[in-house]
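This report concerns only the one structure given below.
The values are calculated or read from the model by the stated rules, or taken from the named source; none is laboratory data. The structure presented is a predicted model; accordingly, all values stated were derived computationally and were not measured. Positions of Cβ are generated from backbone atoms using ideal geometry, with glycine treated the same way; all protein chains shown enter the neighbour counts.
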Amino acid sequence: MANSIYVATSEAHCGKSLVCLGIIETILRKTQRVGVFRPIINAKGNEKDKNLELLLTHFNLALDYEETYGFKKREARELIAAGQYSKFMDRIIRQYKALEKKCDFVLCEGTDYTDEGSSFDFNINVDIAKNLGCPVLILGRGDQHREIEEIIAPILLSYESFQEKECQILGLIVNRTQPSLAHELLLELRNRIQDKQILISIIPENVVLQSPTLKELVSHLKAKVLYGHDQLERQAYRYSVAAMQLQNYLPYLTENCLVVTPGDRGDIILSVLQAHQSQNYPAIAGIILTTEFQPPEAIKKLLDGLPSIVPILSVKENTYETVSRLGMVNSYVTADNLTKINISKKLFEKYVDTSTLTEQISSVKTRGMTPRMFQFNLLQKAKERKKHIVLPEGTDERILKAAEILIEQDAVDLTLLGQEEEIKSLITKLGLQLDSRKITIIDPVNSDHFSRFVERYVEIRKDKGATKDNARDAIADVSYFGTMMVLEGIADGMVSGAAHTTQHTIRPALQLIKTKPGFSLVSSVFFMCLEDRVLVYGDCAINPNPNAEELAEIAIASAETAKAFDIEPKVAMLSYSSGESGKGEDVERVRKATQMVREKEPKLKIEGPIQYDAAVDKEVGIKKIPGSEVAGYASVLIFPDLNTGNNTYKAVQRETGAIAIGPILQGLKKPVNDLSRGCTVADVVNTVVITAIQAEGNKSK
């Protein structure tokens with residue numbers, strides 16, 4: 001079968017980004033060694049190709065930009081025009097083959113259709129796919145309110161052209177389809193295509209994906225930003241010209257519309273902004289002022305005094321010219337727009353039969369539990385039995401951006417702690433597609449739970465001298481309030497630490513939730529997602545110098561955590577010597593801990609003391625501890641102290657590019673997990689999903 005796919009469009013603006021994101025997301029569940037290649041790019045000068053930048057950045061592919069394309073379009077056309085077609089094709093093949101050697105799978109993305117070169121693009125795509133030997137996925141578009149035949153005609157023309165060149169065609173995808181035509185279009189394509197093995201998919205249009213951000217409009221129109229510089233990520237779903245009298249115009253306002261009006265219409269500016277604030281009218285995306293007029297001074301003074309305002313842009317052109325230019329704007333999915341990226345991947349997963357697609361590219365070799373597969377499995381586990389997670393840091397931008405992704409993925413139910421108006425204002429300011437109806441926002445001190453939580457705190461901590469006064473102070477703190485929500489079963493788990501210290505997160509859990517039966521301490525693990533497998537590192541975040549009993553407990557807890565996440569636990573108790581060779585207090589401590597684990601958990605595969613290389617390298621493991629079930633195959637690595645563990649996980653992360661997910665806390669009766677204050681949005685998402693899975697695991701015991 002295939003170890004590559006050539007994505008070819010039948011016409012311009014088919015939404016290749018969505019399909020390419022979906023394909024790579026699917027392939028990364030099988031192997032991390034994925035490449036992307038564009039034979040010809042449209043980039044001019046020093047600018048980079050938008051699609052390559054998106055895929056390389058979002059998936060963190062270990063490739064240099066220069067090795068991912070063959071030619072810039074002008075260079076390619078000049079070479080072909082000079083009669084050097086063979087030279088042109090030889091270079092593309094050479095670039096592709098060099099990339100192929102480094103990868104298990106290569107996604108080739110065909111050229112873009114342009115007004116001046118659509119014939120060139122069409123013929124070149126067919127010839128390149130044939131010369132590279134790549135099977136083809138043809139992509140069409142079903143929007144612009146066209147009839148079925150108008151949609152199908154260019155798709156069938158592409159299909160027949162690739163057939164004539166004897167290219168293997170894997171499937172046809174029609175993207176951006178009018179929902180009303182989806183079923184009829186699918187039936188018609190199945191009727192017209194004779195090869196019944198070909199995958200045919202219809203993906204409906206999505207208003208968010210097709211809507212440009214204000215930032216894109218500023219660039220396209222060369223507009224001046226008068227207000228709302230910090231809200232340019234807002235999206236314009238449609239454009240609306242304000243020319244009528246106010247009472248006649250307001251009913252035409254729709255969700256996220258961009259209002260276009262001359263700059264001297266102060267009445268329109270103020271009334272539209274007021275409507276934006278009103279619960280009786282939809283929120284707008286922004287305002288464009290035409291004809292280079294600026295708002296009168298009195299109105300500017302009023303606007304300058306507002307605490308927050310949607311973007312107001314100014315352009316030189318008149319209203320008609322501005323609207324005409326807006327109609328030519330095509331929005332792109334960029335690496336920094338996580339909303340569009342996640343919607344794209346979700347649509348692909350929903351409407352494309354990824355199982356069939358995976359079968360058709362079955363030559364991709366599975367390389368153990370890859371990071372992408374691990375993260376995919378985590379999400380699926382979380383979605384199976386959706387849990388309720390509380391996030392105390394509701395005003396942290398990373399938390400809100402992660403919440404948007406988690407709600408979009410339908411992975412968990414969420415409660416954010418903080419003042420409701422402040423959180424909603426920040427959601428609006430960030431331009432997030434986070435529907436406040438799908439999340440719960442609680443201000444602790446004004447909550448109906450507050451008094452009950454205070455009483456419960458006094459009851460639990462009475463032996464420590466707790467009074468109602470210090471209980472009120474404690475429960476007013478978001479970490480204590482969130483922890484109490486978990487204790488009382490209002491939430492299934494808590495994730496905090498983006499803006500608080502580890503102690504601030506863990507102390508309430510130790511005081512209120514406490515450890516599981518049989519456990520005397522809380523420890524942690526990191527899931528280390530390497531290129532071809534996932535390892536569990538413990539303890540790299542909590543316990544500085546565990547004694548033998550504590551080390552044994554950490555090992556047992558880490559093995560249980562690994563098993564809960566479908567990683568077969570083979571435990572390596574790390575030290576500076578392997579087997580019986582080493583002497584010294586530290587080695588004896590590890591040896592004693594290993595024996596204690598064997599006595600408590602006789603069925604657990606464990607080896608120790610053992611050096612890191614003997615634990616993970618088969619050849620070294622055989623030499624140092626022959627006959628061991630763990631040496632060379634360890635999946636759970638227990639470090640002798642925090643100094644060793646913390647430095648090792650960071651060194652592996654930095655030097656190999658591994659994804660480190662954690663720290664994940666273990667040993668508590670109910671899950672509470674700590675974030676690093678330097679965490680990314682992806683870190684928050686991963687930790688919340690893992691917390692949800694831990695909550696289900698605790699419930700089943």
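Summary table
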| item | result |
| --- | --- |
| Residues being surrounded by 19 or more Cβ atoms within 10 Å (Cβ to Cβ) and within 26 Å of Gly22 (Cβ to Cβ) - total across region 64-88 | 4 |
| Number of positions in region 593-635 that are in a helix (DSSP H, G or I) and either of a type in the set (A, V, I, L, M) or buried (at least 16 other Cβ atoms within 10 Å of the Cβ) (or both) | 12 |
| Members of region 245-259 that are touching a Ser or Thr at 6+ places or on another chain (Cβ under 6 Å) and at pLDDT 90 or above | Cys257, Val259 |
| Pick from region 370-404, criterion polar (S, T, N, Q) and buried (at least 18 other Cβ atoms within 10 Å of the Cβ), ranking: farthest from the chain's Cα centre (by Cα) | Thr370 |
| Wholly enclosed helices (runs of 4 or more DSSP H) of region 125-228 bearing at least 3 residues closer than 30 Å to Ile284 by Cα and either touching a Phe, Trp or Tyr at 6+ places or on another chain (Cβ under 8 Å) or not assigned by TED's automatic domain parsing to the domain that holds Ser355 (or both) | 214-221 |
| Qualifying positions in region 443-469 - of a type in the set (S, T, N, Q) and either under 25 Å from Thr395 (Cα atoms) or touching a His at 6+ places or on another chain (Cβ under 6 Å) (or both) | Asn446, Ser447, Ser451 |
| Members of region 322-347 found to be touching a residue at least 12 places away in the same chain (Cβ under 8 Å) and under 16 Å from Pro262 (Cα atoms), listed by number | Thr322, Val323, Arg325, Leu326 |
| Number of the exception - Leu199 against (1) at pLDDT 90 or above; (2) more than 30 Å from Ile155 (Cα to Cα) | (2) |
| Subset tally (residues that are buried (at least 20 other Cβ atoms within 10 Å of the Cβ) and not in a helix (DSSP H, G or I)) for region 229-239 | 3 |
| Check on Tyr320, modelled with pLDDT of 90 or more, aromatic (Phe, Trp, Tyr) and surrounded by fewer than 20 Cβ atoms within 10 Å (Cβ to Cβ) | yes |
| Residue ID - farthest from Leu551 (Cα to Cα), chosen from residues in region 636-657 that are at pLDDT below 95 and surrounded by 23 or more Cβ atoms within 10 Å (Cβ to Cβ) | Tyr649 |
| Test for Thr501: is it under 24 Å from Ile389 (Cβ atoms) and in the same structural domain as Pro392 (by TED's automatic domain parsing) | yes |
| Condition broken by Ser158, with the remaining ones in (1) surrounded by fewer than 14 Cβ atoms within 10 Å (Cβ to Cβ); (2) of a type in the set (Gly, Ala, Ser); (3) closer than 26 Å to Thr358 by Cβ satisfied | (1) |
| Residue check for Ala660: within 21 Å of Lys570 (Cβ to Cβ) and more than 31 Å from the chain's Cα centre (by Cα) | no |
| Of all residues making up region 659-681, the number that are of a type in the set (Gly, Ala, Ser), touching a residue at least 40 places away in the same chain (Cβ under 8 Å) and either touching a Lys or Arg at 6+ places or on another chain (Cβ under 7 Å) or surrounded by fewer than 21 Cβ atoms within 10 Å (Cβ to Cβ) (or both) | 3 |
| Long-range neighbours under 8 Å by Cβ, at least six apart or interchain, first residue free of Cβ contacts under 8 Å to residues at least 60 places away in the same chain within region 77-94, second small (Gly, Ala, Ser) and in a helix (DSSP H, G or I) | Phe88/Ala76 |
| Residue within region 510-518 that is in contact (Cβ under 8 Å) with a residue 12 or more places away in the chain and either over 30 Å from Thr440 (Cα atoms) or buried (at least 24 other Cβ atoms within 10 Å of the Cβ) (or both) present | no |
| All positions within region 145-177 that are more than 27 Å from Asn3 (Cα to Cα) and at pLDDT below 90 | His145, Arg146, Glu147 |
| Any hit, region 73-96, residues being of a type in the set (A, V, I, L, M, F, W, C) and either under 30 Å from Asn206 (Cβ atoms) or assigned to a strand (DSSP E or B) (or both) | no |
| Subset of region 445-489 (residues that are basic (Lys, Arg) and in contact with a Pro (Cβ under 7 Å, 6 or more places away or on another chain)) | none |
| Test for Arg437: is it modelled with pLDDT of 90 or more, assigned to a helix (DSSP H, G or I) and among the basic types (Lys, Arg) | no |
| Residue count, region 465-490 (criterion: touching a helix residue (DSSP H, G or I) at 6+ places or on another chain (Cβ under 7 Å) and assigned to a helix (DSSP H, G or I)) | 14 |
| Among (1) within 16 Å of Ala660 (Cβ to Cβ); (2) in a loop (DSSP other than H, G, I, E, B); (3) in contact with a strand residue (DSSP E or B) (Cβ under 9 Å, 6 or more places away or on another chain), the one test that Phe526 misses | (2) |
| Test: residue in region 572-585 that is within 25 Å of Ile693 (Cα to Cα), outside any loop (DSSP other than H, G, I, E, B), of a type outside the set (Phe, Trp, Tyr) and touching a residue at least 60 places away in the same chain (Cβ under 8 Å) | yes |
| Residue within region 652-675 that is in the same structural domain as Arg591 (by TED's automatic domain parsing), part of a loop (DSSP other than H, G, I, E, B) and under 18 Å from Tyr576 (Cα atoms) present | no |
| Single unsatisfied condition, Val412 versus (1) touching a Lys or Arg at 6+ places or on another chain (Cβ under 6 Å); (2) over 27 Å from Leu510 (Cα atoms) | (2) |
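For (1) in a helix (DSSP H, G or I); (2) over 18 Å from Asn686 (Cβ atoms); (3) outside the structural domain of Asp448 (by TED's automatic domain parsing), each residue gets a yes or a no:
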{"residue": "Val390", "(1), (2), (3)": "no, no, no"}
{"residue": "Glu393", "(1), (2), (3)": "no, no, no"}
{"residue": "Leu400", "(1), (2), (3)": "yes, no, no"}
{"residue": "Ala403", "(1), (2), (3)": "yes, no, no"}
{"residue": "Ile407", "(1), (2), (3)": "yes, no, no"}
{"residue": "Leu414", "(1), (2), (3)": "no, no, no"}
{"residue": "Glu421", "(1), (2), (3)": "yes, yes, no"}
{"residue": "Leu426", "(1), (2), (3)": "yes, yes, no"}
